[in-house]
Protein chains: 4
Amino acid sequence: MAPHSSAPHDPDAAPSARAESQRERILDAAQRCFIARGFHAATVSDIATEAGISQGLMYRYFDNKRAMILALIERQLQSDQQSMRRNPLSADIVENLLAIHQLWTRGESIAGVDAAIASVALYAEITAEAQRDPVVADVLQRHDRLTTQTVCDWLRQHDLARGAAIDEAGLQRRTLLMRTVVEGLAMRAVRDPDIAPQTVRAMLAGAMAQVLND
Amino acid sequence: MAPHSSAPHDPDAAPSARAESQRERILDAAQRCFIARGFHAATVSDIATEAGISQGLMYRYFDNKRAMILALIERQLQSDQQSMRRNPLSADIVENLLAIHQLWTRGESIAGVDAAIASVALYAEITAEAQRDPVVADVLQRHDRLTTQTVCDWLRQHDLARGAAIDEAGLQRRTLLMRTVVEGLAMRAVRDPDIAPQTVRAMLAGAMAQVLND
Amino acid sequence: MAPHSSAPHDPDAAPSARAESQRERILDAAQRCFIARGFHAATVSDIATEAGISQGLMYRYFDNKRAMILALIERQLQSDQQSMRRNPLSADIVENLLAIHQLWTRGESIAGVDAAIASVALYAEITAEAQRDPVVADVLQRHDRLTTQTVCDWLRQHDLARGAAIDEAGLQRRTLLMRTVVEGLAMRAVRDPDIAPQTVRAMLAGAMAQVLND
Amino acid sequence: MAPHSSAPHDPDAAPSARAESQRERILDAAQRCFIARGFHAATVSDIATEAGISQGLMYRYFDNKRAMILALIERQLQSDQQSMRRNPLSADIVENLLAIHQLWTRGESIAGVDAAIASVALYAEITAEAQRDPVVADVLQRHDRLTTQTVCDWLRQHDLARGAAIDEAGLQRRTLLMRTVVEGLAMRAVRDPDIAPQTVRAMLAGAMAQVLND
DNA sequence: AATGAATGAGCCTTCATTCAT
DNA sequence: GATGAATGAAGGCTCATTCAT
């Protein structure tokens, strides 16, 4: 019908660059609102205002509020994965996590930092949602396995580099420990923001020793 | 107005036993609803039905919905603490956590089990709320420190029992590790419910070794 | 739970007298609004205002707007049937229809008159809805057959009274003619309200002669 | 602005052939949508899609949705009249009506058939609208009288052809009967689609005998 | 103490209409 | 002429809260 442009409401067509950037603007706004108020308390009106567009227009880009939530979750998971992939294991891992812990502690949303968890509030809310919404649970699990694979590959490379024998069961154990400690630390940062940094550093040093050298 | 009992709406009077048990019933119902649907999606009507009372009556026990949420959070934190206090460190700690991990994995609400986290969804939602609501954050932090103290005392007792030297910095590090691993594992259980149990056991064995024996 | 009263929102309980009278008030208001503006143009807010209650309260008595429409249609059909049943065939049938035609012509809603069609606008709108909504179509057809039976029985009694032989095919033909003329006349009354009464009377006389005496 | 053609948005200019054909396309689409969903439930977007043009463009041909409805009603009435004029009274009138009744019964829109009522749903909705909107009522009545005149002329010709004396009052009576039966039958077709065809034929035979031979 | 009817604010969503291109 | 992005005003509906009984 209109050969030179494909509207966002035409599901068969690839979205135009403008449409894509609008979606991103909306998702950015949604992210801020969801972090600030939560998935259910944030209103479509909030998001529209934050995005600087009218409420009605949002429905050209998303079928409904739930679709916004799902799209945001999907985007968040993909961004998390990319962060993990870009951020190789290093000797500085303890110091890196320590720095990120400080940001979590301040409740700031982390942009430009390669953190697997950009906002603890969003991470927690997505997790809660996964226990209620099977669609969210599925998306989450699919991404989770990719991330686990990424971490596992890291460790395998690390072992090869240091000439250690490859032990698959051990790799999985250490991957799980790595992820558990990171995510647990995020929760700790919110629930008691005043832990002494040296305690965190010592804990991380011990745990990362197991991750990297066992 | 009610000559034979001090009504719960009289703030100056000590709540009667009956009033106290009503509050408990309501909070029990609220807990089930909040776990199933979340703080904001659960309606007052849901909770009233679940508690088997009328909507209007709830407002004799709680000023409003927010007060219910706060009371539930408070109660949850106290119950978590009691679990921790009742559940001393033992050689079975790995197997205990493994069993709880299975329950988390199934998304079941844990009753009668001495788990620090009765429902991961509720735990996550409370954490998210803490990053938005300073009142929640304060309550959370106050309880958190008590719990940290409880765990720390455990470990001190454990060290005394095995004749180890007492190292305060080490105790704090191991306490943090303990809590981080438990809370991280709860999140892992939701985000990827299909991790192999032997992997979890191996990870826990390694981490708990550091907690108990370092 | 409450043994002495059954709330309208409890689907298992028989509605209380109060609830029933509220439903009637709402349906009365809905009828006025639907006649004045149509099923789809009339708003729930219109109806609430007309009924003198709040919007929210309507949803204690009807699940949604569609349920109101369906309930009104059902009530209308039942009332039509009762009119037919109360209003036996008589020598005055021509004059009766003539009088009703005058009311139709003025677009007035007919109350207290035993007219099969109380409001032509409502009758037309229900008919239109039947061609779109299978549920409405079903309800309509079910009632229609009862009404047809009622008219058919009238005519049979009439024939017996005048000593005529009973001819089933003929009864059905005359029943159909009777109903067709009545409903057709209703439409005529709206589409050209200025037909001369003597023309209507003459037409009815001829048609009713066939209905009553063939 | 458009030097080579008189644009439809210029009210002083005669509409170009192109503009006229666009209007027809839009009205065709509108008719399909209105039949399927009703005046108020059909959206401008529906109609635009059905017509294969953009929403914005429709506003170059019609001021607003109401203007579309009015134009469609006007066109419908004209087309009905032409059908009546093209379709002279004949011995087959009973069989013709019987065939049309079948189409009404199936809820199909009748195209290419010389039926006075192309769609019962549309006919009913227009009738309902006439009782609300004086503009519609006026247009309807004006057309109605022309149609009545057309039918009346038919019958006069018929009488002349068979050598009967011309009786003006009788002509009006028979015209009214004719129209009443046709429109009443349309309603019957929707409200009880399962009437036996032989019953319809017998009823029509009797009524048309009065129309043609009295 | 207890009920549940009643309210009204506000939410998600739709849609007629406008406007920049 | 033509598009479709954008707007804003409702509309249907929900729900926390209040109140008469």
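The values are calculated or read from the model by the stated rules, or taken from the named source; none is laboratory data. Please read these numbers as outputs of a predicted model, since none were measured by experiment. When we count neighbours, we look across all protein chains shown, and the Cβ atoms used for this are built from the backbone with ideal geometry, even at glycine. These area figures cover heavy atoms from the full protein model, side chains too; ligands, DNA and RNA do not enter into them. Shrake-Rupley method; radii C 1.70, N 1.55, O 1.52, S 1.80 Å.
Of the residues that make up segment B:195-214, is at least one closer than 23 Å to B:Gln31 by Cβ, open to solvent by 10 Å² or more (accessible area, probe 1.4 Å) and more than 7 Å from chain A (Cβ to nearest Cβ)?
Let us first name the residues in segment B:195-214 that are closer than 23 Å to B:Gln31 by Cβ, namely none.
The answer is no, given that none of the residues of segment B:195-214 is closer than 23 Å to B:Gln31 by Cβ, open to solvent by 10 Å² or more (accessible area, probe 1.4 Å) and more than 7 Å from chain A (Cβ to nearest Cβ).
Quick test for you: out of D:Leu70, D:Leu103, D:Leu77, D:Leu98, pick the one residue that is more than 9 Å from DNA strand E (Cβ to nearest atom), within 12 Å of another protein chain (Cβ to nearest Cβ) and of a type in the set (A, V, I, L, M, F, W, C). Explain how you work it out, then say what you get.
Numbers: D:Leu70 fails: within 12 Å of another protein chain (Cβ to nearest Cβ); D:Leu103 fails: within 12 Å of another protein chain (Cβ to nearest Cβ); D:Leu98 fails: within 12 Å of another protein chain (Cβ to nearest Cβ).
D:Leu77 is the lone residue from the list that is more than 9 Å from DNA strand E (Cβ to nearest atom), within 12 Å of another protein chain (Cβ to nearest Cβ) and of a type in the set (A, V, I, L, M, F, W, C).
If B:Leu27 passes every condition in (1) outside any helix (DSSP H, G or I); (2) within 16 Å of DNA strand F (Cβ to nearest atom); (3) away from chain A (no Cβ under 14 Å) but one, which one does it miss?
It is condition (1) that B:Leu27 fails.
Specify the residue that is nearest to A:Val135 (Cα to Cα); the eligible residues are those in segment A:53-66 that are under 25 Å from the mean Cα position of the chain (by Cα) and either loosely packed, with under 13 Cβ neighbours inside 10 Å or more than 9 Å from DNA strand F (Cβ to nearest atom) (or both).
Checking each candidate, the answer is A:Arg66.
Okay, residues lined up against (1) aliphatic (A, V, I, L, M); (2) within 16 Å of DNA strand F (Cβ to nearest atom); (3) farther than 28 Å from A:Gln210 by Cβ:
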| residue | (1), (2), (3) |
| --- | --- |
| A:Ser45 | no, yes, yes |
| A:Met68 | yes, yes, yes |
| A:Trp104 | no, no, no |
| A:Val120 | yes, no, no |
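Tell me which helices (runs of 4 or more DSSP H) are completely within segment D:32-96 and hold 1 or more residues being modelled with pLDDT under 95 and closer than 30 Å to D:Met178 by Cα, or say none if there are none.
Working: elements: D:44-51, D:55-61, D:65-86.
So the answer is D:65-86.
Going through B:Leu155, B:Leu177, B:Leu146, B:Leu140 one at a time, which residue ends up being open to solvent by 50 Å² or more (accessible area, probe 1.4 Å), assigned to a helix (DSSP H, G or I), touching a helix residue (DSSP H, G or I) at 6+ places or on another chain (Cβ under 9 Å) and under 22 Å from B:Gln81 (Cα atoms)?
Details: B:Leu155 fails: open to solvent by 50 Å² or more (accessible area, probe 1.4 Å); B:Leu177 fails: open to solvent by 50 Å² or more (accessible area, probe 1.4 Å); B:Leu140 fails: open to solvent by 50 Å² or more (accessible area, probe 1.4 Å).
It is B:Leu146.
Out of everything in segment D:158-174 that is acidic (Asp, Glu) and in a helix (DSSP H, G or I), what residue ends up being surrounded by the most Cβ atoms within 10 Å (Cβ to Cβ)? Even if it seems obvious, please write down each step before you answer.
First pass over segment D:158-174, keeping only residues acidic (Asp, Glu): D:159, D:167-168.
Narrowing further to those that are in a helix (DSSP H, G or I): D:159, D:168.
On the way: D:Asp159: 19, D:Glu168: 9.
Step by step, filter segment D:158-174, then rank; the result is D:Asp159.
Looking at B:Thr127, B:Thr175, B:Thr148, which one is under 30 Å from A:Leu146 (Cβ atoms) and free of Cβ contacts under 8 Å to residues at least 60 places away in the same chain? Give the steps one after another, and end with the answer.
Working: B:Thr175 fails: under 30 Å from A:Leu146 (Cβ atoms); B:Thr148 fails: under 30 Å from A:Leu146 (Cβ atoms).
Exactly one residue qualifies, and that residue is B:Thr127.
Would you confirm whether or not segment A:114-129 contains a residue that is more than 22 Å from B:Ala186 (Cβ to Cβ) and either more than 13 Å from every other protein chain (Cβ to nearest Cβ) or modelled with pLDDT under 95 (or both)?
Within segment A:114-129, one or more residues are more than 22 Å from B:Ala186 (Cβ to Cβ) and either more than 13 Å from every other protein chain (Cβ to nearest Cβ) or modelled with pLDDT under 95 (or both).
For the list (1) at pLDDT below 95; (2) part of a helix (DSSP H, G or I), I need the number of the one condition that A:Asp12 fails.
Evaluating A:Asp12 over (1) at pLDDT below 95; (2) part of a helix (DSSP H, G or I) leaves (2) as the failure.
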